[in-house]
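To start, the structure under review is shown below, and the notes come after it.
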Amino acid sequence: MLILNEQQASQLIVHAKEGAPDEVCGLLVGKAEKVEKVYPTTNADKSPVSFSIEGADVIKITKEDRKST
């Protein structure tokens, strides 16, 4: 089970509402089950039934996260 704080949960809810009716995407970064950062991303599929994250977004977030740790 993942552990999110209230702010992180709210961030995910806002992202989902803004992306509706399409599926939304994002990356959760942390250690073990504790989420430390939420990175909302664009659903490359732009679809209400499928989702994918662009590879470039994953690379950008990975680099950004490594710089901040």
note = Filtering segment 26-44 down to residues that are in contact (Cβ under 8 Å) with a residue 24 or more places away in the chain, open to solvent by 70 Å² or more (accessible area, probe 1.4 Å) and among the charged types (D, E, K, R) yields 33, 34
query = Within segment 45-61, restricting attention to residues that are of a type outside the set (A, V, I, L, M, F, W, C) and open to solvent by less than 80 Å² (accessible area, probe 1.4 Å), which residue is nearest to residue 20 (Cα to Cα)?
reply = 48
remark   = Of the listed residues (64, 18, 6, 23), the one being among the charged types (D, E, K, R), out of contact with any Pro (no Cβ under 6 Å at 6 or more places or on another chain) and surrounded by 15 or more Cβ atoms within 10 Å (Cβ to Cβ) is 23
remark   = Scanning segment 29-52 residue by residue, those of a type in the set (D, E, K, R) and either over 28 Å from residue 5 (Cβ atoms) or in a loop (DSSP other than H, G, I, E, B) (or both) turn out to be 33, 45, 46
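The values are calculated or read from the model by the stated rules, or taken from the named source; none is laboratory data. Predicted model only: the values in this text are computed from it and were never measured. Note that each Cβ is placed from the backbone with ideal geometry, even for glycine, and that neighbours are counted across all protein chains shown. Areas reflect the complete protein model, heavy atoms only, side chains present, ligands, DNA and RNA absent. Shrake-Rupley method; radii C 1.70, N 1.55, O 1.52, S 1.80 Å.
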